[in-house]
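The values are calculated or read from the model by the stated rules, or taken from the named source; none is laboratory data. Just so you know, these numbers come straight off a predicted model, no measurement behind them. Neighbour counts are summed over all protein chains in view; Cβ atoms, including those assigned to glycine, are modelled from backbone coordinates with ideal geometry.
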Amino acid sequence: MAAACLSHGDTLAAEGRLQEAIDAYKQAVRLQGDNPENHTRLGDAYLFAEESSQALTHYRRALQANPYHADTHFSLAEVYRRFGKLKGAITLYRKAVDLEPRNPFYRYRLAAACHQSGKTEEAIRELREAIRLAPRDGFYRFWLGDLYLQCDRIVEGVVELEEAVVNAPFDDYYCVRLAMAYALVARNEDAVVIFQRAIRLRPQSATYHCLLADAFARMGFALRAALHYEIAGDLDPFDREYVHRMRQRTVGGLARATREELGLSPAAD
């Protein structure tokens, strides 16, 4: 019966019906109060409902029931991090990792806390371990690549972002981040190809059209740049000032647009 209440609570929580989920988890606790999973799920629901003190109460009760329950240590770490207590959060994340070393998501959250506290090399090590545990999950590749970019290790970042896109080819945001990394190393042709893929995945994004226009402008393709600035302006009328400024920047370049871009035959020698 308690398991059914827990499952029902999970369904309600996934639908965003937090108060109903809390009621279902409470029923599970009433039926089986010595089960740490019941208290942890109830604590998580309270945390999402912005009731941190109630969440902490149930996390502590979960640990009283089982001091070696990895999910509870992880959830407590999330609370500590939310309130800026990074040292305590890192200790709790590490405890969760020690108890469940093959969980890549625990390592990802530990890495994020380490990076936030200035321990960047530790963060990189944890993300590498998460990738070892889940080599086909683009998520962890993406975050390692993004971290490398933040550290100005651009070439390493490009490698990881390429792997992220290979493993998650339909994620438009991963594509855009890779294209932006290509731009940082002057691989503008590659950037254009990936920006175009992102636009195919999310054609109504004014931002993506602006980024593609920027890439074309860097390559000297003023006409193509102006076209995508125009599209961006139509998609997002609230950003017309920026788009107009970018379009104006390309006006002079229109006169210098290559004959190839204009569809003309090469000039005679």
* Return a yes/no flag: does the range 179-186 have any residue that is more than 20 Å from ALA112 (Cα to Cα), part of a helix (DSSP H, G or I), at pLDDT below 95 and hydroxyl-bearing (Ser, Thr, Tyr). => no
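Residues of the range 194-209 being assigned to a helix (DSSP H, G or I) and touching a residue at least 12 places away in the same chain (Cβ under 8 Å), which ones? First the steps, then the outcome.
Start the filter on the range 194-209 by keeping residues that are assigned to a helix (DSSP H, G or I), which leaves 194-201, 206-209.
Across the range 194-209, the qualifying residues are ILE194, PHE195, GLN196, ARG197, ALA198, ILE199, LEU201, ALA206, THR207, TYR208, HIS209.
Taking the criterion of being under 30 Å from LEU235 (Cβ atoms) and not aromatic (Phe, Trp, Tyr), would at least one residue in the range 105-126 satisfy it? Walk me through it before giving the result.
We begin by selecting, within the range 105-126, every residue under 30 Å from LEU235 (Cβ atoms); these are none.
No, because not a single residue in the range 105-126 is under 30 Å from LEU235 (Cβ atoms) and not aromatic (Phe, Trp, Tyr).
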* Asked: So how many residues does the range 135-178 have that are surrounded by fewer than 19 Cβ atoms within 10 Å (Cβ to Cβ) and among the small types (Gly, Ala, Ser)?
  -> 1
* Asked: Does LEU92 fit the bill of being modelled with pLDDT of 95 or more, more than 17 Å from ALA130 (Cβ to Cβ), outside the structural domain of GLU50 (by TED's automatic domain parsing) and among the aliphatic types (A, V, I, L, M)?
  -> yes
